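The values are calculated or read from the model by the stated rules, or taken from the named source; none is laboratory data. Note that the structure is a prediction, hence the values are computed from the model and not measured. Methodologically, a virtual Cβ is constructed for each residue, glycine included, from the backbone with ideal geometry; neighbour enumeration extends over all protein chains shown.
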Amino acid sequence: MNQRRIYKTVENIASQKFETETDMLVSVLNQIVENSDINVTGGRIWQLDPSNSDYSLLYQTGQLDRIDDDFRVNIKDYPLFDLIAKQRSVLGNETNKTLREKGIFKYSASGVGSKIKVNGKLYYEYLLALNSENLDDDLLLTLNIIATALTSQIKQKRYSQRATSLKAEMDKAREMQKSILPDHEYYFQNYTIFGVSDPAEIVGGDFFDYIDIGPDKDRMGIAVGDAASKGISAAAEAMYISGALRMACNFEINMAPLMKRMNELVNRIFKDEKFASLFYGEFSADLSGLFLYTNAGHNAPMFLKQGSDKIITLPSTGPVLGPTPNAKFNIENINFAKGDILLIYTDGITDAPNDKFENYGEKRLASLLTKYRNLPPKEIVYTILEDVIKFSKNGQYSDDKTLVLIKKDN
């Protein structure tokens, strides 16, 4: 199960209406355990009690022996709590005698929610611990994404309670975001590019950009990104990443260190529930049709060769930006010939649900792209967007939707 799919699954569960945060956390944990794709057999939710400098057991489920409902673990007895505060998720060996007697010898734990100061140090207000037959780096990454999604939902629900007073500021944010998006249609050499972004709320976390690079503007960068979550905080992250990418492109020639720099910036600047996927590619002024690209956890763009109905996908070449500060990113390439099309999109397109909770999906998108391939880029993009909106008009969930299509003319 890929990172964005896990995030989306948790986000969809947590975005439902709950009376309390505890109800939301319990519901998410139960459905994670029931989801065979995530491979988790049980788990526990702990809540920080700053007055007692400890964590109390809030909820437990799974196959292990039950812990007493009033059980507590003291912060001073677990140095790894300090590590969780720094890097969110950890794997460790259980040292507590009572927990070991319950069959818990190893554990994975991740911080959720805001950080609260206790005895001069910051600790997460909730801890999510998962049981699995395989306590490895894959589980650690899964736990990290789950905790990220939960934290985002908790903060989003808290923010929404103050939404009325923020309306004027959000109107200004919308105008600001619109001002940084490029013109929909753009021409570079013998390529026509057309993009559009449709936010689910007043502002959104999707963005796209066309970037002229170099003093002679002999290189052209195409970026499509998706900041986690929605609303004003995602829009702020999107605007920052878009602006930082524009600056970095003009002094960093190689895309691998460029993406490494972007990843470090997102990790350092934004709070730890934030991350973003980003697809970035470049043309040059030569006539070979070479297109270099890197994909940081973004939906795989679709490449359609003239004269063929086979869709070539451009999968991830590195993780999403933010959670892993030392991540590496690889560079791949494709070659455009006359009539070839590349469609870059965000998951608001393929994950758009109808009233039967069916997603629009990659197969439907590929079919529509193939069917209308001979239209101009603008018409292809709007045909797809209209079809997605029509498909999902009665759906219960809506996300930002972005499409950018590149076509080689001659």
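Brief remarks follow.
- The strands (runs of 3 or more DSSP E) found wholly in the stretch 65-161 and carrying at least 2 residues that are in contact with a Lys or Arg (Cβ under 8 Å, 6 or more places away or on another chain) and surrounded by 15 or more Cβ atoms within 10 Å (Cβ to Cβ) occupy 89-93, 106-118, 121-131.
- If only residues of the stretch 194-216 that are touching a Leu at 6+ places or on another chain (Cβ under 9 Å) and among the hydrophobic types (A, V, I, L, M, F, W, C) are counted, the one that is nearest to residue 376 (Cα to Cα) is 194.
- For the stretch 1-34, a residue qualifies if it is closer than 18 Å to residue 48 by Cβ and outside any helix (DSSP H, G or I), and exactly one does: 20.
- Test: residue 324 is assigned by TED's automatic domain parsing to the domain that holds residue 226 and either buried (at least 18 other Cβ atoms within 10 Å of the Cβ) or modelled with pLDDT of 95 or more (or both): no
- Filter pass, residue 344 being assigned to a strand (DSSP E or B), among the β-branched types (Val, Ile, Thr) and either assigned by TED's automatic domain parsing to the domain that holds residue 300 or within 23 Å of residue 266 (Cα to Cα) (or both): yes
- Residue pairs whose Cβ atoms lie under 9 Å apart, separated by 6 or more positions or on different chains, with the first residue in the stretch 184-209 and more than 15 Å from residue 404 (Cα to Cα) and the second of a type in the set (Ser, Thr, Tyr) and buried (at least 24 other Cβ atoms within 10 Å of the Cβ), are 204/402; 205/229; 205/346.
- Filtered by the rule that a residue be out of contact with any Lys or Arg (no Cβ under 7 Å at 6 or more places or on another chain), part of a loop (DSSP other than H, G, I, E, B) and either within 20 Å of residue 228 (Cα to Cα) or not polar (S, T, N, Q) (or both), the stretch 186-212 gives a lone residue, 199.
- Test: residue 59 is surrounded by 19 or more Cβ atoms within 10 Å (Cβ to Cβ), in a strand (DSSP E or B), of a type in the set (Phe, Trp, Tyr) and at pLDDT 85 or above: no
- Positions within the stretch 347-370 being in a loop (DSSP other than H, G, I, E, B) and within 20 Å of residue 207 (Cβ to Cβ), in sequence order: 351, 352
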